[in-house]
Amino acid sequence: MTTTPATDTRFEADSPLQRSRLSRPSFTPDLTGVQGQGAGSVGTLPRAAAASTDTGYEPQPGDLPLPRNLTFEPRDWQIIAKYWYPVSKVEDVTEGPTGVTLLDMPLVLYRADGVTTVADDLCPHRGMKLSLGESQHDGKGLKCPYHGLRFGSNGECTDIPAHPKNRIPAKMNLNSYAVEERYGLVWVCLAAKPGAVPGVDTVADIPPVPHWDDEGYQQINCPIIDIEAFAGRQVEGFLDVAHFAFVHAPSFALADQPEVPDYTPVVISDGFEAEYWSTMPNVPHTATEAVAAIPEGFNWLRHFRLHVPFTATLVVHFPEGAVLSMMNAACPVSAKKTRLFDARCRNFDTDQPVQDVYDFNVQVFEEDRAMVEAQKPENLPLDPALEVHIPADKSSIAYRRALRGIGLSEFFTV
């Protein structure tokens, strides 16, 4: 028996539905700013407009895409984005996603197949924040909480549950960045891709922590400190030697020794270094036995090194050959927020618990934080005429000169 299929009148030219469709105005999508081949091709959406009418910024060849919510001057951002910054302690990285922010860029941090990965905190499928997902405890990487897409090491998309047999297009991979683990910290460079070698494939290397790998030194990563201030202000405060007697009298300094002996910063390839000799001690007041053991009139040597833009180290020479080496690595979360990382090592008390170190470090940096968060302007004036200087400010002046030397301008001087 032969049957004739019923005619579907919904799509006949004179059907109500088709007449409705034919009477609708045609829609042409606005593809302004959409990258891809052909008017109908949707490629990767830029994170921000190519140019800024407010600042007069015009993108140059090789410029990086700007964050959507930019708090820096665009040209200055392009300069500082080429350097390495810590975003986490290595011990804090897990299979599960962790959201971090670097230079206004929302990032997601995770470990898959033994590889630490940092990528844009954005699923390419429908723009979901990947950091909202949960650890799958299977070592296979992230799982998007919206549609279940999986992302393995270096951001590679490994599974699309809705289409398990389909080939996964390369554009579904995450936009990932160069990652390096050093000094117990996870360092990221926004201007380089995974596998890039610091100092070889990037404009600068990761600054060293003096004595970190030397025999007999204990390696310590102190608790992270968040500061509601610009990274440049924080670093300048770390380099300042005139505030000890006033800010740090509660923790280690002597209030009756405000005078600053003369010192001379010396320019190096990526900043400057300075040897500062003084009788100002570097021992917690609470360590009464250690304080009592300091020889009368002992001259302490503090050896500072500044590495542009926001990392500095300090090596303190104690009596009897004891040495404390510390790195002050300021991660610029935004132009007004800093996440401070501290990696240090010492060749004394190496068999002692480090909790006392943590407590003392927090006390000192909390004293500094109160000052830095109150400074105005919030940014760091590089024009020497905008603030008044004294001879003790030689390190500060050398720091600002070094920042000018890498081309920083408007944001730091307005």
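Coordinate-derived values only; no laboratory data. From a predicted model like this one, the values you see are computed outputs, not experimental measurements. When we count neighbours, we look across all protein chains shown, and the Cβ atoms used for this are built from the backbone with ideal geometry, even at glycine.
Compactness of the stretch 325-396 was expressed as the Cα radius of gyration divided by 2.2 N^0.38 Å, which yields 1.43. At an R0 of 51 angstrom, the distance between the Cβ atoms of Gln363 and Gln60 translates into a FRET efficiency of 0.65.
Using C-alpha pairs below 8 Å separated by at least 6 residues, the relative contact order for the chain is 14 percent. Only alpha carbons enter this Debye calculation for the stretch 147-242, each as an equal point scatterer, and the log10 of I(q)/I(0) it gives at q = 0.18 Å⁻¹ is -1.04. In straight-distance terms, cross-link reach from Lys337 covers every one of the aspartates and glutamates whose alpha-carbon lies under 16 Å from its own, apart from those fewer than eight places away in the same chain; here that gives Glu73, Asp104, Asp226, Glu228, Glu236, Glu366, Asp368, Glu373, Glu378. Under a cut-off of 15 Å between alpha-carbon atoms, report the aspartates and glutamates in cross-link reach of Lys143, not counting same-chain residues fewer than 8 places apart. Cα-Cα hits under 15 Å: Glu95, Asp113, Asp120, Asp121, Glu134, Glu156, Asp159.
The relative contact order of the stretch 323-393, computed from alpha carbon pairs under 8 Å that lie at least 6 residues apart in sequence, is 23 percent.
For the stretch 131-290, what is the charge dipole size about the Cα centre, in debye to the nearest 20, if Lys and Arg each add +1 at the Cβ and Asp and Glu each add -1 at the Cβ?
1480
The string of couplings for the stretch 341-356 from the Karplus curve (6.51, -1.76, 1.60, θ = phi - 60°) is 10, 10, 10, 9, 8, 8, 10, 9, 6, 5, 9, 9, x, 8, 4, 4 Hz, one whole number per residue in order, with x for Gly and Pro.
Distance between the modelled labels on Ile294 and Leu132, one decimal in nanometres: 5.3 nm (7 Å Cα→Cβ projection). The label-point distance for Asp201 and Thr279, in a model that sets each label 7 Å from Cα toward Cβ, rounds to 5.4 nm.
Among the GluC sites (Glu not before Pro) in the stretch 201-300, those located in a DSSP loop and surrounded by at most 11 other Cβ atoms within 10 Å of their own Cβ are Glu215, Glu259, Glu296. Across the stretch 180-269, the relative contact order, built from alpha-carbon pairs under 8 Å that are at least six residues apart, equals 13 percent. Rg and Dmax of the stretch 216-301, both derived from C-alpha coordinates alone, stand at 15.2, 41 Å.
Rg then Dmax, both in Å and based on the Cα atoms of the stretch 245-380: 15.8, 45.
Taking amide H as placed 1.01 Å from N in the peptide plane, His307 has its amide H under 5 Å from the amide H of Ala312, Thr313, each at least 5 places away in sequence or on another chain.
A simple spin-label model places pseudo-atoms 7 Å from Cα toward Cβ; at Gln257 and Arg167 they are separated by 7.1 nm. With a threshold of 31 Å on the Cα-Cα distance, the over-threshold entries among Lys193/Lys394; Lys89/Lys129; Lys129/Lys376 are Lys193/Lys394; Lys129/Lys376. For the chain, taking Cα atoms only, Rg and Dmax work out to 27.4, 115 Å respectively.
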